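Notes follow the structure.
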Amino acid sequence: MTSPTRVLVLNSGSSSLKYQLLDMRDGSRLAAGLVERIGEPGSRLVHTPLAGGGERRERTAPMADHTAALGAVAEELSADGLGLDSPDLAAVGHRVVHGGLRFSAPTVVTDEVLAEVERLVPVAPLHNPANITGIRTAMALRPDLPQVAVFDTAFHTTMPEHAARYAIDTETADAHRIRRYGFHGTSHAYVSRETARLLGKDPSEVNVIVLHLGNGASASAVAGGRCVDTSMGLTPLEGLVMGTRSGDVDPAVTFHLRRVAGMSVDEIDTLLNKKSGLVGLCGDNDMREIRRRIDEGDERAKLAFDIYVHRLKKYVGAYCAVLGRVDAVVFTAGVGENAAPVREAAMEGLEQLGLAVDPELNAVRSGEPRLISPQGARVAVAVVPTDEELEIARQTYSLVSN
Ligand code: AMP
């Protein structure tokens, strides 16, 4: 019998489930989809068969929990001849947001691993419970199959202590596991490696600044394939200005909101995570809409854009200093891959650092990794589409196929 070659990738949110089925012989996608509003009125599954040319399908039956959602996904896959009972399925790869310090590599899930992911819930209260639910659900459906956890924090565990520790009382920090963990690690790992490939080099030979600019956004400094600093911290709130998160603020802003504005801790949490960033500054978090408003002369949208870009530049400058020698700055994720004006503005005036963007190359729209710096530039500026699902599938498959 030939070895199984398919990997199902699951990304479970509190009320959502994203999935992709990949064939690891060539990394091709066989199917992809999303279940939304699990356990809420109006549950919806959108399924797209990607092999054999089937049509996109939608169902709106009630789905009370993740078990019902994954059951519906399994039915859709079966209808395409790709059922989860197939002997071709090698493993399920799960995106797990927080792996703390313990998990620096993909890990086959055991009861003990689940217990440790559970222990990390206080530092990832929104994400880890949903990830655990996803794992348990998949385990119940195929108990014989390896379930592999791929952690968002894993790539950042190489950060040196001087980058990872906050300058707060050591005993308090250690007692409550307060330190910088970083997130989006799967994307930073994939994109930094693909950038080395684009430059025709081995990852160990290049220093790269990765700018993952999606609705959530983070920067990382990667030296010879290892992360040495990243902008997100204990939680994904620190660092760059994001769609709805503030990124860096003086921590005293929170005391002020509590003491002077009389807000509760939960209200402050919601303010900084959901009502700040671009949406807090101008009411929109979609960069397309912000650019459209700027073109119409909207001052608030312009200021939001300028604040976003200013923060980005500060991190690029900081990471040039951290790395000493930079071979490439790379843009990825929804904004990074698509918003040429953001890339242009972020690199503007950085010629002293060897950074520049060629306007014609920057205007090209493409799904391929590409250089946008002028020919012969000292530092490459690149756009590399991220692919977290492929990276999770690869890491999962490499663990179970050996
Ligand atoms: P992500 O979290 O990586 O899916 O990125 C989502 C964000 O990408 C959206 O909120 C938009 O701000 C941005 N985005 C997507 N497409 C475009 C585009 N064509 N131009 C500018 N921004 C875009």
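Computed from the coordinates by the stated procedures, all read-outs in this text should not be read as laboratory data. What you see is a predicted model, and the numbers here were worked out from it, not measured in a lab. Glycine gets a Cβ as well: all are built from the backbone with ideal geometry, and neighbour counts include every protein chain shown.
Observations on the model:
- Residue-averaged 222 nm ellipticity for the chain, from DSSP H runs of 4+ at -39500 (n - 2.57), nearest 500: -11000 deg cm²/dmol
- Modelled this way, with points 7 Å down the Cα-to-C-beta line, the labels at Thr270 and Ala140 are 3.0 nm from one another.
- Approximate spin-label separation Arg119-Ser86, in nm, with each point projected 7 Å along Cα-to-Cβ: 3.8
- Positive end of the dipole of region 1-156 (Cβ unit charges, origin at the Cα centre): among Thr153, Ala115, Ala31, the Cα lying farthest that way belongs to Thr153.
- The mean sequence separation of alpha-carbon pairs under 8 Å and at least six residues apart, normalised by the residue count of the chain, gives a relative contact order of 14 percent.
- For region 295-383: rounded, prolate or oblate by the Cα gyration tensor [a/c cutoff 1.5]: oblate
- Shape box of region 65-217 [Cα atoms, principal axes, largest first, Å]: 52, 45, 28
- Each of the GluC sites (Glu not before Pro) that DSSP puts in a loop and that has at most 16 other Cβ atoms within 10 Å breaks the chain; the longest unbroken stretch is 56-295.
- Residue exposure sequence - Arg288, Arg365, Arg29 - by fewest surrounding Cβ within 10 Å: Arg365, Arg288, Arg29
- Fraction of antiparallel bridges per DSSP, region 185-336 only, in percent to nearest 5: 70
- Calculated FRET efficiency, Met263 to Ser28, Cβ-Cβ distance, R0 = 41 Å: about 0.25 to the nearest 0.05.
- Secondary structure note: in the chain, about 65% of the DSSP beta bridges are antiparallel.
- If R0 equals 45 Å, the separation of the Cβ atoms of Thr254 and Thr2 corresponds to a calculated FRET efficiency of about 0.20.
- DSSP-loop trypsin sites (Lys or Arg not before Pro) across region 141-246, with at most 16 other Cβ within 10 angstrom: Arg165, Arg177, Lys201
- Listed by chain and number, the lysines whose alpha-carbon sits under 20 Å from that of Lys314, ignoring those within fewer than 8 places in the same chain, are Lys302.
- Take the Cα of Thr158, step 7 Å toward its Cβ, do the same at His176, and the gap between the two points is 3.1 nm.
- Linear extension gain, Gln375 paired with Ser14, 0.36 nm per residue minus alpha-carbon span: 125.4 nm
- Among the trypsin sites (Lys or Arg not before Pro) found in region 370-402, those both in a DSSP coil and sparsely packed, with 15 or fewer other Cβ atoms within 10 Å of their Cβ, are Arg378.
- Rh (Kirkwood; distinct C-alpha pairs) - region 129-239, Å: 15.6
- Summary of packing: across the peptides 144-151, 124-131, the per-residue average of other C-beta atoms within 10 Å ranks them, highest first, as 144-151, 124-131.
- Cα radius of gyration and Dmax for the chain (Å): 21.5, 69
- Computing FRET efficiency as 1/(1 + (r/R0)^6) for Val364 and Lys314, where r is the C-beta to C-beta distance and R0 is 41 Å, gives about 0.90.
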